[in-house]
Amino acid sequence: MKKILVEIEKDYISFSLSFDNSLDDYNKTNIFNGRKIKFSDTFILDNLKVVGILINKLVKNLNTNKVVINNNEVAEVILMLLKYTPNINKIYFREDKSLTYTECSLISENKYLDFINCYSMPEYLFDRLNMLKRIRVKIRSEIFTLSNFMDENKMQTYSDIYYKKKIVISNELEKEDIEDIIAFFKINKYLKVIELKSYDYNNMLILLNTMKKYRVERIVVIINQLNNELIEGIEEFDKIEAQYKINIKVKYNEEYKRRNYIKQININIIKTILIILIMLSISIIGLYFYLSHRDNKKIENINQSINDIIEENTKVEEEVIEEEKEESEEVDEPTENKRGQAYYTNYKQVFSELLKINSDTVGWIKVNNTKVNYPVVQTKDNDYYLKHAFDKEYNLAGWVFMDYRNNIDTLNQNTIIYGHNITKDRLMFGSLRNTLNESWYKNSENHIITFNTLNENSKWQIFSLYTIEETSDYLITSFSSLNSFKNYIERETNRSIYNFNVDVSEEDKILTLSTCYQDDKHRLVIHAKKVG
């Protein structure tokens, strides 16, 4: 049994392996003595939540967010404890020892941590913490190097290399410099700027070819003019920028600027024109957002009108249920079960009212635990309702619509429904992003989509959910053969981010929901089969 000493310091709390038994009492479990608390490791492990609350309270009273672990021997226990301390987001490992895989795993599981200071850790674990958890890691163990490049840029540790945003090159590149630059490109993830203080055209090409080999792109290369002569190769810079996918900026010296004053004035005029163009662009963007906001408000008003229709026909259905209950001495099914049907709403009457507003109405779609709860329309193409609302007025939010190729009376092998991904207020299919959350797609209550048409009320069970780069290969409504439909089902099932364990055959009819995801080049897609 290990004893762990918790000490309250000036601006942090430290954890140490205790070798001092002077504070031990009869139970040898935990002792409080002024600014020190001692626990056994078994006591902490048996009472993680309780001890965590105590430590969290101490750091809150101390007005700090960091702890120091003095001995890596107790690190695993403390890291398990810190899962219960939301006020702590920084850890300093004082001992000059490398962190283990288990310790790094515990760090990655802690949702509160954002900074780690340690002596070292395996490189793949360092990358994992940064890529998966976005935890910034400071490594203290130094890397031995002989190159001017590493010394000039003060990169002494692995973390220095990893996080470096700007590097400077002042001398001609030697063999050792190139070797270290290659190592730098392999490790670094944050580089934005390379400054060539001593410019040499051939030296720059060596650097750029090395960058290209290791796919270092979107970098600003700053070239310093050392004299008043024209910079060698400047006429090739546009070509070089395109070839190497970089941006070259030249820093002219003051004497050169004075000699080229008129040219500079012309440049300033161009800059002024660019500023005007930028301001004009901002105004256009502002107008776009204003129009989007206005259109979203119109959508909300339309939704309110539709909800009024739903509410009215819900009341009507409730009254019918109550009358049936009074007239029948023996009720086949409890009233609450009838109300458990989709909305327990008189959809025949709802559609009758909606058709008065929009004759293109063909159904109603609802996806659990999203805001998707809309009437569905269909017209002669797939363009009109991209920019027209349910009232057929021009609207950037559009409306939820069915593919013009689908037959609402018989339903094709694949019925496709589209909607814009409106991020503000998550209108139309904007809330379908909820389905990508693990808590959503693992909840079986969300696996049934309600799609009622003018002819029938129906349920559809989800069997595939995924995001994909823009493609039309899933937008097929009818298939030339049962075998091609079977292949389609297998492909879409394999694309899913989650195994819904739903058997789908070529004899089934399926429903597809499609919307944009993140940008216009990706799609979020849901497939479901008809189950009732």
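Values for this structure:
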| item | result |
| --- | --- |
| Residue that is nearest to ASP508 (Cα to Cα) [pool: residues in region 402-426 that are open to solvent by less than 10 Å² (accessible area, probe 1.4 Å) and not in a loop (DSSP other than H, G, I, E, B)] | ASN414 |
| Residue match in region 360-370 (condition: within 20 Å of SER305 (Cβ to Cβ), open to solvent by 30 Å² or more (accessible area, probe 1.4 Å) and touching a residue at least 60 places away in the same chain (Cβ under 8 Å)) | yes |
| Selection status of LYS83, of a type in the set (Lys, Arg), open to solvent by 50 Å² or more (accessible area, probe 1.4 Å) and part of a helix (DSSP H, G or I) | yes |
| Evaluation of ILE91 against (1) open to solvent by less than 20 Å² (accessible area, probe 1.4 Å); (2) at pLDDT below 95 (one fails), failing number | (2) |
| Candidate set: region 224-241, residues that are of a type outside the set (Phe, Trp, Tyr), open to solvent by less than 100 Å² (accessible area, probe 1.4 Å) and part of a helix (DSSP H, G or I); chosen: the one modelled with the lowest pLDDT | ILE234 |
| Single condition LYS164 does not satisfy, out of (1) open to solvent by 60 Å² or more (accessible area, probe 1.4 Å); (2) modelled with pLDDT of 90 or more; (3) of a type in the set (D, E, K, R) | (1) |
| Some residue of region 186-196 being among the polar types (S, T, N, Q) and in a helix (DSSP H, G or I) | no |
| Output for region 392-413, where each listed residue is of a type outside the set (A, V, I, L, M, F, W, C), over 30 Å from the mean Cα position of the chain (by Cα) and under 30 Å from SER480 (Cβ atoms) | TYR404, ARG405, ASN406, ASN407, ASP409, THR410, ASN412, GLN413 |
| Selection from region 108-120 of residues that are open to solvent by less than 20 Å² (accessible area, probe 1.4 Å) and closer than 16 Å to ASN71 by Cα | ILE116, CYS118 |
| Residue within region 250-267 that is at pLDDT 85 or above, outside any strand (DSSP E or B) and open to solvent by 70 Å² or more (accessible area, probe 1.4 Å) present | no |
| Subset tally (residues that are open to solvent by less than 60 Å² (accessible area, probe 1.4 Å), free of Cβ contacts under 8 Å to residues at least 40 places away in the same chain and part of a helix (DSSP H, G or I)) for region 446-487 | 1 |
| ILE4 surrounded by 14 or more Cβ atoms within 10 Å (Cβ to Cβ), at pLDDT 95 or above, under 26 Å from TYR101 (Cβ atoms) and in contact with a strand residue (DSSP E or B) (Cβ under 8 Å, 6 or more places away or on another chain) | no |
| Residue that is farthest from LEU125 (Cα to Cα) [pool: residues in region 167-185 that are open to solvent by 90 Å² or more (accessible area, probe 1.4 Å) and either outside any helix (DSSP H, G or I) or in contact with a His (Cβ under 8 Å, 6 or more places away or on another chain) (or both)] | GLU172 |
| Per-region count, region 488-532, residues under 23 Å from the mean Cα position of the chain (by Cα), of a type in the set (Lys, Arg) and open to solvent by less than 70 Å² (accessible area, probe 1.4 Å) | 2 |
| Number of positions in region 94-107 that are of a type in the set (Asp, Glu) and open to solvent by 20 Å² or more (accessible area, probe 1.4 Å) | 2 |
| Number of the condition not met by ALA389 [criteria: (1) without any contact (Cβ under 8 Å) to a residue 12 or more places away in the chain; (2) within 30 Å of the chain's Cα centre (by Cα)] | (1) |
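The values are calculated or read from the model by the stated rules, or taken from the named source; none is laboratory data. Here the structure is a predicted model, which is why all the values come from computation and not from measurement. Every residue, glycine as well, gets a Cβ built from its backbone with ideal geometry; the counts of neighbours run over all protein chains shown. The accessibility values were calculated without ligands, DNA or RNA, using every heavy atom of the protein model including side chains. Shrake-Rupley method; radii C 1.70, N 1.55, O 1.52, S 1.80 Å.
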